Structure formats: C-alpha cells, structure tokens
Amino acid sequence: MDYFSEHTWENYDRDGRSSERLSYIKKMIPSKVQTILDAGCGNGLITNELARDYKVTALDPSPVALQYVQCPKICASIDAIPFPDSSFDLVCCNEVLEHLDDPTLKKGISEIKRVSKKYLIIGVPFKEQLEKKFYRCAVCGFTENVYSHLQSFDLAKLDELLTPDFILLEHHIFGPPERTIHPFLLSILHKQGQWFLPPKRQKCPQCGSSEYLHKSNLLTKLINGLNLIISHSHPYWLYTLYQKKDKI
C-alpha cells in the first residue's frame with residue numbers, strides 16, 4: 001500500500017465501511033470533549049465528519065492524503081507529533097497502529113499518550129491474520145501484506161501498550177465477518193500459487209510489476225472449501241476508549 005500515491009486515496013473506502021466506524025467513534029466520545037487530534041487521519045473520511053461537531057486537528061505523514069482533509073491539518077508522523085503535552089482532550093487513532101513496525105509503534109503510542117489531555121480512542125483490526133492477505137509478485141517474488149499491515153491486535157495487546165498510564169473504559173468488536181485460514185492450509189495454498197490478489201493498478205514496490213500470483217486449481221478449491229468447514233469467523237474491528245489514569 002503506497003500512502004503517497006494519489007490512487008490510494010482517491011478511491012479509498014469504496015465499500016463505505018468508514019460509516020460504521022464513524023458511528024461507533026461518535027458514541028464513544030465523552031460528552032465534555034471539545035478538542036480532538038486525529039493521528040493518522042488518512043484522507044479525512046472520518047476526520048471531516050468529526051470536524052462538524054468538534055475542534056479537530058488532522059495529522060498524517062502523506063501530503064497526498066491531506067489534500068482531502070477539510071479541517072486544520074499538519075503533515076507529520078505519529079512517532080513525532082509536533083504538539084506540546086496534553087494539547088488535546090482526546091486523541092483518535094484509527095486504522096494506524098497495525099501499519100507500524102515495532103520501534104515506531106512503541107514511539108507512536110508514547111506520543112499519543114503524551115499529547116492527550118484525557119482520552120484515547122484506538123481502532124485496529126481485531127485478531128487479524130496478516131499472512132492471509134499476503135500477495136506475491138509474479139516477477140520478483142516480493143511478498144507483503146497487501147495493506148502493509150505489520151501488527152495484529154487483540155484487547156490484551158492494546159492493554160499491554162496503554163496501561164497503566166491509561167485505563168480502559170469501553171471496547172467494541174464489530175464490523176464485517178473475517179474468516180481465518182488454518183496456517184497449514186494457507187501454506188499449501190501459497191505453495192500452489194494462490195496468494196491474495198492486490199487491487200488493480202497496484203505495482204510491486206520492488207520491481208514495479210503489476211503481475212501477481214493468484215492461481216486456482218482443484219486442490220486450492222478443495223482447501224478453501226475445507227477451510228469453510230473447520231474455521232471460524234469474527235468481526236473485523238476492535239475499537240477502544242481509554243482514559244488517562246491521573247484524570248479519573
């Protein structure tokens with residue numbers, strides 16, 4: 001996923017799923033909140049709606065994404081937020097943490113804690129099976145998660161990152177059903193050449209090719225059918241509201 005590509009943002013969320021996330025976020029925002037930092041706002045699908053009712057500042061490292069944001073904005077990364085301590089009543093961080101490597105995740109969490117006066121709303125995919133959505137370039141063999149996700153989260157992992165400085169007030173697990181693939185079956189699918197297929201026009205970051213492995217045969221069809229029987233699905237998103245401990 002190229003965060004600095006116009007193509008990434010001009011058609012982002014074509015399925016309209018941000019509306020469901022926005023609905024939960026609005027319900028979770030405490031009544032006394034006035035100022036919000038949307039850290040990692042992307043193209044502002046949620047940010048612009050929140051700005052109708054709150055004083056929102058948007059932050060994102062992609063100047064291309066920020067073109068679509070309709071409130072005060074700043075081009076910066078979550079691991080180096082250019083605001084003083086306790087600058088915002090609430091920091092909102094949606095669909096961001098899963099994109100960060102370990103050092104950036106640690107620093108980013110530290111930064112959103114620092115600039116929050118009282119609350120954090122964190123939204124991440126719930127128990128995401130990262131390897132399920134790996135693609136493989138047919139030319140150079142490069143593989144990665146199609147959405148550049150590097151982290152998988154559950155409530156325990158978020159708590160480990162945020163406590164004891166912040167205390168969990170509420171959490172919600174919702175969204176479209178996501179089905180995992182048994183790791184052994186997934187390894188067979190990959191050996192057979194069936195990988196996740198990226199969106200059209202996405203190019204391999206290593207060689208620039210737009211050709212990807214996505215073969216289908218009788219064996220892959222049987223494996224996918226078997227997985228439907230033995231696997232379970234769960235809702236896609238985990239959204240949480242945390243409160244700074246010294247403000248309770």
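Read-outs: derived from the displayed coordinates by stated rules, not from any lab. Everything numeric in this text was worked out from a predicted model, so none of it was measured. All Cβ positions, glycine included, derive from the backbone under ideal geometry; neighbour counts span all protein chains shown.
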Note, GLY40: beta-carbon cut-off 9 Å, +1 each Lys/Arg, -1 each Asp/Glu, net -3
Mean Cβ-within-10 Å packing, highest first, puts peptides 161-170, 213-222 in the order 161-170, 213-222
Taking a ≥ b ≥ c as the square roots of the eigenvalues of the Cα gyration tensor, with a/c under 1.5 meaning rounded and otherwise prolate when a/b exceeds b/c and oblate if not, region 178-248 is oblate
Relative contact order of the chain (C-alpha contacts under 8 Å, at least 6 apart) in percent is 19 percent
Projected onto the charge dipole of the chain (unit charges on the beta-carbon of Lys, Arg, Asp and Glu, signs +1, +1, -1, -1), the Cα from LEU189, ILE109, LEU120 with the largest positive-side position is that of LEU189
Protection proxy (average C-beta count within 10 Å per residue), highest first, orders 142-151, 122-131 as 122-131, 142-151
Cα pairs beyond 16 Å in region 131-217, in percent, come to 64 percent
Among VAL115, VAL96, VAL139, the residue with the largest mean-square fluctuation in a Gaussian network model of the chain built from Cα contacts under 10 Å is VAL139
A convex hull over the alpha carbons of the chain yields, per residue, a volume in Å³ of 129 Å³
Among the DSSP H helices of the chain, those whose Cα atoms extend at least 30 Å along the helix axis and whose mean Kyte-Doolittle hydropathy is -0.5 or higher are none
Restricting to Cα pairs under 8 Å and 6 or more apart, the percent relative contact order of region 13-62 works out to 38 percent
For region 184-224 the mean separation of alpha carbon contacts under 8 Å (6+ apart) over residue count, i.e. relative contact order in percent, is 45 percent
Total charge of the residues flanking TRP195 in space, meaning their Cβ is under 13 Å from its Cβ, with Lys and Arg +1 and Asp and Glu -1, is +2
In debye to the nearest 20, the charge dipole size for the chain, taken about the Cα centre with +1 at each Lys and Arg Cβ and -1 at each Asp and Glu Cβ, equals 340 debye
